[in-house]
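The values are calculated or read from the model by the stated rules, or taken from the named source; none is laboratory data. Here the structure is a predicted model, which means the values were calculated and not measured. Cβ coordinates were reconstructed from backbone atoms using ideal geometry, including for glycine residues, and neighbour counts include every protein chain displayed.
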Amino acid sequence: MIQLQSETASYQGVETLHDIDLQVCEGEKLALVGQSGSGKSTLIKLIYERYPVNTALVPQDYGLVNNLSVFHNVYMGCLDQHSTFYNLVNLIRPKAEQVEVVRAILAGLQLEDYLFRPVGRLSGGQKQRVAVARSLFQKGHLLLADEPVSSVDEQQSRVVLNQMLNGFSTIVLALHDIQLALAFCDRIIGLEKGRIVLDSPAEAVTEKDLLSLY
Amino acid sequence: MDSVYKHSPAWKVSWLFVLLGVVCLFFSDVEVISLEPWQELKRLFLGLLTPDWSNLPEIGEAFLQTLAFAILGVAGGSFIGFLLAQVFHWRWIQISCAFIRAIHELFWALIFLQIFGLHPLTGLLAIGLPYAATFAKVYAEILEEGDKSALQAISRKASVISIFFYARLPDLWEHFKTYTSYRLECGLRSSAILGFVGLPTLGYTLSSAFMEGHYSVVWALLLLFYLLIATIRYWVRPALLPVYIIAAPFIVANDSTISFDNVRRFFTEDIIPAPIIRGDSLSESWHWLSDLLVNQALPGIANTVVLTQVALVASGILSLLFFPLISTHFFKPVGRTFGHILLVVLRTTPEYILAYILLQLWGPSMLPAIVALALHNGAIIGHLIGRYSTEVQLRVDASRGLNRYFYELLPRLYGQFLAFLFYRWEIIMRESAILGILGIATLGFYIDSSIQELHFDKAMILIFITASLNVLVDASSRYLRAKLRLRTSVDCRATNDYCAARE
């Protein structure tokens, strides 16, 4: 499903990924682990650039619109699936059928109370879950998420990750939390200084192996 | 909790203004009166293809006069304004400045023409006085908001002047410089406009070329004016300014002299209400006043408000249409260049000149005024929002086209847009009043007629009413901005954006 061969990538003019070989099959759940600056975000971006069709994205900076409600920010995941006219009407007067779908997704992320609150008035962790909700609403073959639980607590991280696993068959997550990576993913990719230094099934590595990456 | 969708206060206020604008539109006379408006418009634009520079000495003289009046007026205004800024915390200074600012340069020119005739002092004071009041306010704001840590560290024993030059000016210099040089650009527009009431600047040459139908000359003048404004940063240099300021008085000098008899008569007879001079009884005086209020002030106020509200909404709509033209999120560099040219031309042409041209083409109604105000102000705000939009970072998977416009950009920029629009509200009202001089029945029309009938007492009362109306709009704008928590960030204070939004 994803096939990268000796790829390099640059970020702001500096080469941050070298010699990347990566194959991902349908149904795999990948965790990218490594220090900050090791190239996780760049790898996520690279995969998105190569496979933008039917791919949902949770970028590190969320890309939410503060002045729009939670509902509208989630709905934005599906703008291209409706006519512009429908989108504009929905912007002014939320469509009941869309509200129901969004409400159900938010309920799964413990956000249902904030359906129509402007995103600008949410906390950092709540914003992060809105960004995840958007990707769940969007659906697709592949989910690319860059540190999707970095701002939420342990309990909520598990809730959020479970929702993501249920929503998508193939997932690539950048995760700095090793325990979560081992608990939720079936394949671990270790990155160091822009190179893949570890690629192993999750059951074959221990926390200790991964700590050497940090 | 937030389980029912509610529109934001900004949304509600916006629709309130749109509704008010539509109601006002019903009360405005909007029509095209001239017989062949499009034929004339075509002739005008054909003139653009054949600009006529043959009368270079006359054109050059008009530009020299325009420049000299602008430089002297702005220099004088900034000097006085700077001094006033030091005592701006005095309430009566604030109030006087608000009133002086609220009266348009052209009204000042009409007043000073009565006092000094065509003496250069008329033009200098017409620009210098309202500019000094504006400078006082903005300079005071800059002083107020600047970093004061150096000031607190300095010895109290040092003299006020040394403290100012050591602890305040170095940090604030850039802010003063940017704002002042921006105001010079405004000063050039003001100076050009003064020609319409008889001063020897660009407006004079332009209106006579227009009346004679010499559209090629009109375009020669306009193109040169755009060039002058576009190159302003190249010819306004700190080292050159003293040269300009020394040369300018020789350029504006003419052989008219001030008649002190005139000055005395103006203050002791002309502006004293007629009933007082005549020694009328109370009921006669009341009759005089109520006649003025009912037959001139009220219709003037109504028309000024109608024009302002329609033009405000139209400016808002146009700026929302204009800003994508120069935004990196919508067009590639080549497309944006055309957008930039369009907006530069529209915002460089003073609205008075735009209105004058459209009025000649379409005949006297509110339509030319609305279109002129909307084009000019829409271009200014569109430019500011367009530049602002460039700072917005979108996700790599962000939508495109109309979806991008309505979901990604408009919600992010709307607060800024409203802030800029409300800043321009007062400016639009001042312009609405002044466009009356062109024959639209706003307050300016009644003021101009009173002056032509030599009823200066009436004119002064009407000017006072105009200024009060402006102060009222300024206060409403401030109230709404505070209520909606619209703030332009302090960082952009010293940029041209900030200046352009508020003049």
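Helices (runs of 4 or more DSSP H) fully within the stretch B:91-188 that include at least 1 residues being of a type in the set (A, V, I, L, M, F, W, C) and buried (at least 20 other Cβ atoms within 10 Å of the Cβ): B:91-102, B:105-116, B:120-145. Scanning the stretch A:109-123 for residues that are within 12 Å of another protein chain (Cβ to nearest Cβ) and either among the hydrophobic types (A, V, I, L, M, F, W, C) or within 12 Å of A:S69 (Cβ to Cβ) (or both) turns up A:L111, A:Y114, A:L115, A:F116, A:R117, A:P118, A:V119, A:G120, A:R121, A:L122. A:Q23 falls short on exactly one of the conditions (1) within 14 Å of another protein chain (Cβ to nearest Cβ); (2) surrounded by fewer than 21 Cβ atoms within 10 Å (Cβ to Cβ), and that condition is (1).
Looking only at residues in the stretch A:129-144 that are in contact with a helix residue (DSSP H, G or I) (Cβ under 7 Å, 6 or more places away or on another chain) and within 23 Å of A:T42 (Cβ to Cβ), the one that is surrounded by the most Cβ atoms within 10 Å (Cβ to Cβ) is A:L144.
Scanning the stretch B:4-61 for residues being of a type in the set (S, T, N, Q) and surrounded by 14 or more Cβ atoms within 10 Å (Cβ to Cβ) gives a total of 5. The criterion of at least 2 residues that are in the same structural domain as B:I380 (by TED's automatic domain parsing) and touching a Pro at 6+ places or on another chain (Cβ under 7 Å) is met, among helices (runs of 4 or more DSSP H) falling completely within the stretch B:230-332, by B:282-292. Only residues that are closer than 22 Å to A:L17 by Cβ and of a type in the set (A, V, I, L, M) were counted across the stretch A:180-204, and they come to 7.
Residue-wise test of (1) closer than 27 Å to A:Q5 by Cβ; (2) in the same structural domain as A:M1 (by TED's automatic domain parsing); (3) not β-branched (V, I, T).
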residue	(1), (2), (3)
A:D177	no, yes, yes
A:C185	yes, yes, yes
A:I188	yes, yes, no
A:D199	yes, yes, yes
A:E207	no, yes, yes
A:Y214	no, yes, yes
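Among the numbered criteria (1) out of contact with any helix residue (DSSP H, G or I) (no Cβ under 6 Å at 6 or more places or on another chain); (2) more than 19 Å from A:N66 (Cα to Cα), which one does A:Q126 miss? Going through the list (1) out of contact with any helix residue (DSSP H, G or I) (no Cβ under 6 Å at 6 or more places or on another chain); (2) more than 19 Å from A:N66 (Cα to Cα), A:Q126 breaks only (2).
Residues of the stretch B:373-424 that are away from chain A (no Cβ under 14 Å), surrounded by fewer than 18 Cβ atoms within 10 Å (Cβ to Cβ) and assigned to a helix (DSSP H, G or I): B:R387 alone. Note on the stretch A:2-37: residues that are on the phi > 0 side of the Ramachandran plot and within 19 Å of the chain's Cα centre (by Cα) total 3. The lone criterion from (1) in contact with a helix residue (DSSP H, G or I) (Cβ under 7 Å, 6 or more places away or on another chain); (2) modelled with pLDDT of 95 or more left unmet by B:F464 is number (1). On the given criteria, is A:Q35 more than 8 Å from chain B (Cβ to nearest Cβ), in contact (Cβ under 8 Å) with a residue 60 or more places away in the chain, touching a strand residue (DSSP E or B) at 6+ places or on another chain (Cβ under 6 Å) and part of a loop (DSSP other than H, G, I, E, B)? No; evaluated as a whole, the condition is false for this residue.
Looking at A:E97, A:E112, A:E15 in this structure, which one is farther than 28 Å from A:F184 by Cα, outside the structural domain of A:S200 (by TED's automatic domain parsing), surrounded by fewer than 21 Cβ atoms within 10 Å (Cβ to Cβ) and of a type in the set (D, E, K, R)?
Checking each option against the conditions leaves just A:E97.
Which residue is nearest to the other protein chains (Cβ to nearest Cβ), if the candidates are limited to the stretch A:41-53 and must be assigned to a helix (DSSP H, G or I) and not basic (K, R)? The residue in question is A:Y48.
Given the options A:A181, A:A131, name the one that is within 14 Å of the chain's Cα centre (by Cα), within 11 Å of chain B (Cβ to nearest Cβ) and assigned to a helix (DSSP H, G or I).
Step by step, each of A:A181, A:A131 is checked, and only A:A131 is within 14 Å of the chain's Cα centre (by Cα), within 11 Å of chain B (Cβ to nearest Cβ) and assigned to a helix (DSSP H, G or I).
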